[in-house]
Amino acid sequence: MSKIFSFGFWNSIARVILRNRITIIAIVIGITIFFATQWQNMQFSYTEANLLPDDDEINLEYNDFLDKFGEEGNLIVLAVKDPTLFTPEKFTAWNKLTETLKAYKEVDQIIGVGNLKKLQKFENPSRFEMIPLKTQVKWDSTAVANYRDELFNQLPFYENLVVSGTSNTVQTALYLNEGIVNSEERKVFVLEKLRPLIEQFEKDYNLEVYVSGMPYIRTLNAQNIIDEIGLFIIAALLVTSLIFFFFFRSFRATLISMITVLIGVMWAFGIIGLLHYEITVLTALIPPLIIVIGIPNCIFLINKYQQEIKIHGNQAKSLQRVISKVGNATLLTNVTTASGFAAFILTDSTLLKEFGIVASINILALFMLSLVIIPIIYSYMPPPKDKHLKHLNKRWIGTFVDWTVKMVKNHRITIYIAAIILLVASIIGIYSIKISGSLLEDMPQQADFFKDIRFFEKEFNGVLPLEIVIDTKQPKGALKLSNLKRMEALETAISEVPELSSPLSVVRLAKYSKQAYYNGNPKYYQLPTSQEQNFIASYLKGISSEGNLLNAYIDSTERYARMTTFMKDIGTDEMKRIEDNLWPQIDKIFPKERFEVTMTGKALIFQKGTSYLVNNLILSLSLAIVLIALLMAWMFRSFRMILVSLIPNLLPLLVTAGMMGFLGIPIKPSTILVFSIAFGISVDDTIHFLAKYRQELKANDWKIKRSVYAALRETGVSMFYTSIVLFFGFSVFMISSFGGTVALGGLISATLLFAMLANLLLLPSLLLSLERNIANKETLKEPAIQIITDEEDELLNEK
């Protein structure tokens with residue numbers, strides 16, 4: 001394998017590329033066309049991100065729940081908080097809206113203000129039937145007022161289901177067909193049918209309608225992701241091209257670089273389609289990531305080409321040297337960057353695996369594109385003119401490099417003290433980091449649908465369903481009065497938790513049946529006594545035949561009971577506190593030897609997935625560090641050099657973690673990615689510097705100081721250029737409306753800026769301070785990467 005990194009190998013690669021230009025371009029065009037045909041296979045995700053492994057116990061419990069009770073995330077709620085709703089015109093219009101929605105094939109059923117039913121007792125034979133609350137053909141003021149009075153004061157069954165328990169807010173519950181909940185049909189219904197209908201109603205009747213529910217939230221959130229993909233690509237291209245042009249002052253160089261990365265973006269979409277992966281909040285970041293990461297490749301290659309042109313003016317020789325002298329180091333930097341992403345492949349999370357696979361493949365593919373496209377295009381163009389080379393002599397960049405050399409030469413103690421202060425401060429900040437498993441926290445908080453979420457949290461205590469399944473371990477056990485009383489005790493415990501809503505369960509139906517038995521008197525809305533328990537089964541069966549109300553809360557064997565509560569958007573710590581308080585009460589109410597109780601739901605799965613990711617963060621980051629350390633060991637064959645190279649790259653990660661603690665940025669699925677990605681990218685500068693340092697050691701007869709300063713002066717410019725491009729490139733993500741994407745962009749940008757300073761100041765300082773131990777001829781073995789001097793290059797070319 002060491003032959004791959006030998007100069008002879010790369011010299012051969014250069015000859016192959018430059019002698020087969022037309023063939024290679026044809027191959028690139030052919031591959032690009034093939035990947036373009038795969039775009040049709042791209043699909044957008046219509047489900048929440050599941051961060052847990054498929055065989056995780058929590059996932060298995062959730063799938064078992066779905067088998068027994070069906071889809072839990074099919075509820076959309078429409079609410080109005082306006083007393084004028086209960087006027088004849090607006091009340092009639094609201095009922096008409098409900099009927100219109102009910103007619104759509106995507107809607108299974110609607111429980112709305114205007115179509116409510118009540119349980120009524122009949123004789124001969126004795127039975128309960130669900131009958132319409134009112135059968136008005138035309139609503140006048142008196143009829144509406146009577147209807148409102150009965151709804152708010154006579155029917156506690158509908159409290160927190162249709163009417164708010166704390167205000168005059170009313171809501172309509174719309175249950176989607178389970179078959180469309182995780183499909184594109186849901187998107188079409190929400191965006192093209194439901195939203196236009198609601199907007200027109202608001203306009204016609206001057207009523208503000210609040211809309212929420214998981215299908216609605218997921219649809220609008222997914223649409224925002226789709227809209228931002230194009231925005232990110234355009235913004236990343238614009239920012240990187242402007243910075244690139246500012247550095248090189250060449251439209252030609254800028255255009256070539258943009259062509260290269262755009263082909264990379266086309267390949268990225270093609271690979272996603274080829275692998276039949278879905279566009280998620282993570283994979284949506286890959287195209288702009290390709291642009292941001294690909295530009296540094298172009299900078300190194302074009303900068304080297306222009307340096308060679310300036311030295312000897314021979315275009316053919318310059319192009320060959322670009323490939324032969326920069327190819328090996330550039331390959332390694334791309335391998336290390338890809339390794340940072342590839343670490344996610346080793347996790348058990350499907351979401352992270354797909355992200356890691358696509359990102360790492362595309363980074364390596366982009367390297368190959370850069371290596372062939374840039375030299376080939378330049379070979380058909382005239383050599384750069386003097387005006388294109390002026391940037392190589394810019395005084396301001398020279399001043400910056402001189403400053404770094406001066407700091408390393410004269411102020412190493414200051415650099416070490418600053419590094420230690422940053423380290424101590426970072427460790428203090430790390431202890432303040434919190435973990436957030438909020439499903440909604442990263443969603444665009446200025447969006448109307450997010451404001452509606454906050455409304456429902458205030459009026460109904462949340463929209464995120466939390467499901468509790470009670471296994472009574474005996475057929476028909478869910479309807480036993482003793483078990484109903486246990487469920488009522490659990491409902492009371494849950495109602496006392498401020499972050500949770502009053503639960504919905506079969507207990508409500510049992511209480512309602514007693515109220516109906518006593519002719520609808522609301523004071524009898526309670527569980528039947530032991531003397532009345534004989535009526536319960538028949539009452540509830542009667543309800544079951546009228547609209548499947550019973551089937552929603554117990555399974556077909558009547559062994560399992562379901563209790564649904566809705567929770568506010570809370571983080572992992574708050575949820576853990578709630579669980580820690582609830583479980584002892586649950587175990588007391590439902591003894592483990594007689595009952596089995598499980599807690600599930602999409603929101604809970606997401607929170608558990610976040611905790612799982614945090615545990616995997618250490619693993620993935622450790623694997624990335626070990627993999628890159630092995631590469632460094634293979635390159636330089638020196639254990640001390642591995643330590644020296646890792647320290648400047650680990651310190652920025654610690655500084656970033658400390659910043660997260662001080663700024664209150666929690667660890668969550670989006671920010672977890674920062675560390676592995678930033679480490680894989682920042683170590684590139686280290687490789688470029690150390691590779692040049694090795695070359696200078698050999699050229700300067702192993703004189704350490706001279707070699708360090710020479711390496712710093714030559715690589716400092718490229719390191720500065722690439723770091724600035726990466727800094728502003730990742731900053732593009734901060735224009736996102738998603739909080740997680742903003743944090744991801746800002747944190748990676750900050751980490752890479754710290755990493756640049758660490759590689760320009762701390763790394764050479766460590767080399768100089770430890771020169772006797774790590775840079776003498778005895779410890780410096782022949783490196784796996786063969787770096788040659790210009791004199792050796794000339795000799796090889798002559799041969």
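Per-residue answers, yes or no, for (1) open to solvent by less than 40 Å² (accessible area, probe 1.4 Å); (2) within 19 Å of Gln307 (Cβ to Cβ); (3) in a helix (DSSP H, G or I); (4) not polar (S, T, N, Q):
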| site | (1), (2), (3), (4) |
| --- | --- |
| Gln320 | no, yes, yes, no |
| Ser324 | yes, yes, yes, no |
| Thr330 | yes, yes, yes, no |
| Thr336 | yes, no, yes, no |
| Val372 | yes, no, yes, yes |
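Here is a check on your reading of the model: is Tyr210 aromatic (Phe, Trp, Tyr), surrounded by 17 or more Cβ atoms within 10 Å (Cβ to Cβ), more than 30 Å from the chain's Cα centre (by Cα) and closer than 30 Å to Pro522 by Cβ? Walk me through how you get there before you give the answer.
Numbers: aromatic (Phe, Trp, Tyr): yes; surrounded by 17 or more Cβ atoms within 10 Å (Cβ to Cβ): yes; more than 30 Å from the chain's Cα centre (by Cα): no; closer than 30 Å to Pro522 by Cβ: yes.
Criteria not met by Tyr210.
In the range 687-709 there is at least one residue matching the filter, namely being surrounded by fewer than 24 Cβ atoms within 10 Å (Cβ to Cβ), more than 21 Å from Ala624 (Cβ to Cβ), of a type in the set (Val, Ile, Thr) and modelled with pLDDT under 85.
List the number of the failed condition for Phe245; all other conditions in (1) over 25 Å from Val732 (Cα atoms); (2) without any contact (Cβ under 8 Å) to a residue 60 or more places away in the chain; (3) open to solvent by 10 Å² or more (accessible area, probe 1.4 Å) hold. Every listed condition holds for Phe245 apart from (1).
Annotation note: of Glu129, Glu99, the sole residue that is among the acidic types (Asp, Glu) and in a strand (DSSP E or B) is Glu129. On the stretch given as the range 599-650, residues that are more than 30 Å from Lys568 (Cα to Cα), in contact (Cβ under 8 Å) with a residue 12 or more places away in the chain and in a helix (DSSP H, G or I) total 24. Say we look at the range 503-525 and pick out the residues that are under 22 Å from Asp149 (Cβ atoms) and part of a loop (DSSP other than H, G, I, E, B); which of these is least open to solvent (accessible area, probe 1.4 Å)? Among them, the one singled out is Gly520.
Here is a check on your reading of the model: is Ser436 surrounded by 15 or more Cβ atoms within 10 Å (Cβ to Cβ) and at pLDDT below 80?
Working: surrounded by 15 or more Cβ atoms within 10 Å (Cβ to Cβ): yes; at pLDDT below 80: yes.
Criteria met by Ser436.
Taking the range 465-518 as the range and being acidic (Asp, Glu) and touching a residue at least 12 places away in the same chain (Cβ under 8 Å) as the test, the residues that pass are Glu467, Asp471, Glu488, Glu491, Glu499. Checking each residue in the range 132-160 for being hydrophobic (A, V, I, L, M, F, W, C), open to solvent by 20 Å² or more (accessible area, probe 1.4 Å) and assigned to a loop (DSSP other than H, G, I, E, B) picks out Val137, Trp139. For the range 211-222, the condition of being at pLDDT below 90, of a type outside the set (A, V, I, L, M, F, W, C) and in a strand (DSSP E or B) holds for at least one residue.
Within the range 69-96, restricting attention to residues that are outside any strand (DSSP E or B) and β-branched (Val, Ile, Thr), which residue is surrounded by the fewest Cβ atoms within 10 Å (Cβ to Cβ)? Spell out how you get there, then give the answer.
Taking the range 69-96 first, the residues outside any strand (DSSP E or B) are 69-74, 81-96.
With the extra rule that they be β-branched (Val, Ile, Thr), the set shrinks to 84, 87, 92.
On the way: Thr84: 12, Thr87: 16, Thr92: 15.
Here the answer is Thr84.
The values are calculated or read from the model by the stated rules, or taken from the named source; none is laboratory data. In this text, all values refer to a predicted model and were calculated from it rather than measured experimentally. So basically every Cβ, Gly included, is an ideal-geometry build from the backbone, and we count neighbours across all protein chains shown. These accessible areas exclude ligands, DNA and RNA; they are computed on the full protein's heavy atoms, side chains included. Shrake-Rupley method; radii C 1.70, N 1.55, O 1.52, S 1.80 Å.
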